[in-house]
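I have placed the structure first, in the form of structure tokens, so that the comments after it can refer back to it.
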Amino acid sequence: MTMDLYPWLLLIHRSCVALSLSLFVLRAIGVLCGQAWPMRASWRWLSVGIDTLLLSAGASLWYVLALNPLHQSWLGTKLMLLVLYIGLGSLALKRAPSLRSKSLALGAAAAIAAIMVGIGWTRHPLGWFAL
């Protein structure tokens, strides 16, 4: 029964990754352009909703596939990078003191996200570099 859910959970997870990253980049560009809309509650809550669904689907995939981040090094690496991505995203959208700092944080967050996608796709801690 649980393996029947796998294709759906994977589709939800990947779709939410695409939505989350797209919304983050869009909001960050808005912030860099001095716009107010990216920090409005409606956009922040949309981001939280997508990220909650994304993390729920990811946790469900762990369960269905019986994964353990302490035993699967690719998953542990991805989770550590997730913490770094969240911190960089916070800097890019809000906490960095200057426009230059926000831009650097956005670039670094985007690079970390690309590495995380590669790790998830290849199931290898080196991600795209393992190819």
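The values are calculated or read from the model by the stated rules, or taken from the named source; none is laboratory data. A quick note: this is a predicted structure, and the numbers were derived from the prediction, not measured. With ideal geometry, Cβ positions are generated from the backbone for all residues, glycine too; neighbour counts draw on all protein chains shown.
Could you say whether any residue in segment 41-52 is among the small types (Gly, Ala, Ser) and touching a Ser or Thr at 6+ places or on another chain (Cβ under 9 Å)?
Step one: of segment 41-52, the residues among the small types (Gly, Ala, Ser) are 41-42, 47, 49.
So of that shortlist, the ones also touching a Ser or Thr at 6+ places or on another chain (Cβ under 9 Å) come out as 47.
Yes: one or more hits.
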*asked:* Restricting to segment 5-23, give me the number of residues that are crowded, with 16+ Cβ neighbours inside 10 Å and in contact with a helix residue (DSSP H, G or I) (Cβ under 6 Å, 6 or more places away or on another chain).
replied: 8
_As an exercise: evaluate THR2 against (1) more than 12 Å from the chain's Cα centre (by Cα); (2) surrounded by 14 or more Cβ atoms within 10 Å (Cβ to Cβ); (3) not small (Gly, Ala, Ser) and give the number of the one condition it does not meet._
(2)
*Among (1) surrounded by 15 or more Cβ atoms within 10 Å (Cβ to Cβ); (2) of a type in the set (A, V, I, L, M); (3) under 16 Å from the mean Cα position of the chain (by Cα), which single condition is VAL83 missing?*
(1)
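Where residues in segment 98-110 are in contact with a helix residue (DSSP H, G or I) (Cβ under 9 Å, 6 or more places away or on another chain) and without any contact (Cβ under 8 Å) to a residue 12 or more places away in the chain, which of them is farthest from ASP4 (Cα to Cα)? Spell out the reasoning first.
Residues of segment 98-110 in contact with a helix residue (DSSP H, G or I) (Cβ under 9 Å, 6 or more places away or on another chain): 99, 101-110.
Filter once more, so that each one left must be without any contact (Cβ under 8 Å) to a residue 12 or more places away in the chain: 101, 104, 107.
Numbers: SER101: 45, LEU104: 42, GLY107: 38 Å.
Looking at the filtered set, the residue picked out is SER101.
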*Determine, yes or no, whether GLY127 is at pLDDT 95 or above, more than 11 Å from the chain's Cα centre (by Cα) and on the phi > 0 side of the Ramachandran plot.*
yes
